[in-house]
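A quick write-up on the structure given underneath.
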Amino acid sequence: MFELRQYFLLFITATIWGSGFVAQKLGMSYISPFAFTFFRTLLGALFLIPVILFIKAHNKKHQIKTRTLNKRYLIIGSICCGFFLILSESLQQFGLVTADVNKASFITSLYMIFVPILGVFLGHRLSLKIIAAVIISCIGLYFFCIKDDVSFEQGDLLVLLCAIGFACHILVIAYFINHVDGVILSCGQFFCASFLGLIMMCLTGFPSAPALIKCIPALLYAGIMSNGIAYTLQIVAQRGINPTIASLILSLESVMGAVFGILFLSESMSERELFGAALMFSAVILTQIKLRRTKQSE
């Protein structure tokens, strides 16, 4: 029952992240990408403050030993994670100006392939399985994004760069999570990301009050649900279960993004795009499956 509950929480996380693409797409109708990213990351940070206080009070009440706070790692980790978060989310927001939700969600899911590829530069070996996944994903990306003019649309390219940014974000988190509390690090990265987003918004212009008011529902969903709740659920749900299974469930974010794009934005997918999406999703799954070698008895 414990594992079943954890799997269900991970599926909720993937569903929230997938549905968040709709909120991001709708938000672009009212305010700029930098303004949207600033407000959503700020809302995510503010939401996590009472969560952290609640966890702290709960642990103190039940005398649960917590990890000693390493301020140095927390500050550096928050800055590094916040930088890659604001970079990735901004690229995604700009990409969604022209890219469909279903297409953006699938391209974003390629971060699960870029993670092991970028890991090569950190001394990790690149297996034949990952090489095969990259080839499959590139073929799928061609069928999913390339039109008759044989070229990427600008929005597709921006979302692809966003996927690389998210891969860097995951690798940075994987390092700092060994030194600080995950929820506190998540809150810190949101504050750092919102600060950088504020600077970019100041340089590009503030949204008007009427436009900001109209965008509030989309901002609340993206900030509280996609950022605050989903990230917290991910941390809680991954405790005590197989990380490979957890990654497989979370990769359903791309599927849910396409589903919500069709349901709420009247988007559609051609047979060519469905074939490309299936190849890309298969490549994502392939990167998360652990192949075992068995000895054959003589």
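The values are calculated or read from the model by the stated rules, or taken from the named source; none is laboratory data. What you are looking at is a predicted structure, and each value in this text was computed from that prediction instead of being measured. Note: ideal-geometry Cβ built from the backbone for every residue, glycine included; neighbour counts use all protein chains shown. Surface areas here come from the heavy atoms of the whole protein model, side chains and all, with no ligands, DNA or RNA. Shrake-Rupley method; radii C 1.70, N 1.55, O 1.52, S 1.80 Å.
Given the structure, is Pro50 out of contact with any strand residue (DSSP E or B) (no Cβ under 8 Å at 6 or more places or on another chain), closer than 24 Å to Trp17 by Cβ and at pLDDT below 85?
no
Test Ser90 against the criterion of being in a helix (DSSP H, G or I), more than 26 Å from Phe190 (Cβ to Cβ) and open to solvent by less than 70 Å² (accessible area, probe 1.4 Å), and give yes or no.
For Ser90, the condition - in a helix (DSSP H, G or I), more than 26 Å from Phe190 (Cβ to Cβ) and open to solvent by less than 70 Å² (accessible area, probe 1.4 Å) - is not met.
Cβ-Cβ distance below 8 Å, separation of 6 or more or different chains: which pairs start in the stretch 79-102 with a residue that is in contact (Cβ under 8 Å) with a residue 24 or more places away in the chain and end on one that is part of a helix (DSSP H, G or I) and among the charged types (D, E, K, R)?
Correct list of pairs: Glu89/Arg40; Gly95/Asp156; Leu96/Lys25; Ala99/Asp156; Val101/Lys25; Asn102/Glu273.
Of everything in the stretch 20-36 that's out of contact with any Leu (no Cβ under 9 Å at 6 or more places or on another chain) and under 24 Å from Cys187 (Cα atoms), which residue is most open to solvent (accessible area, probe 1.4 Å)?
Ser32
May I ask you to list the residues in the stretch 37-61 that are basic (Lys, Arg) and open to solvent by 60 Å² or more (accessible area, probe 1.4 Å)?
Result: Lys56, Lys60, Lys61.
Among the residues of the stretch 178-210, what is the count of those that are open to solvent by 20 Å² or more (accessible area, probe 1.4 Å) and either outside any loop (DSSP other than H, G, I, E, B) or within 16 Å of Phe83 (Cβ to Cβ) (or both)?
Of the residues in the stretch 178-210, 13 are open to solvent by 20 Å² or more (accessible area, probe 1.4 Å) and either outside any loop (DSSP other than H, G, I, E, B) or within 16 Å of Phe83 (Cβ to Cβ) (or both).
Applying the selection to the stretch 1-28, what residues are free of Cβ contacts under 8 Å to residues at least 40 places away in the same chain and either within 23 Å of Val159 (Cα to Cα) or not in a helix (DSSP H, G or I) (or both)?
Met1
Going through the stretch 1-47 one residue at a time, which ones are under 18 Å from Phe94 (Cα atoms), of a type in the set (A, V, I, L, M) and modelled with pLDDT under 90?
Looking only at the stretch 1-47, we keep the residues that are under 18 Å from Phe94 (Cα atoms), and these are 17-41.
With of a type in the set (A, V, I, L, M) added as a condition, the list becomes 22-23, 26, 28, 31, 35.
Answer for the stretch 1-47, where residues must be under 18 Å from Phe94 (Cα atoms), of a type in the set (A, V, I, L, M) and modelled with pLDDT under 90: Val22, Ala23, Leu26, Met28.
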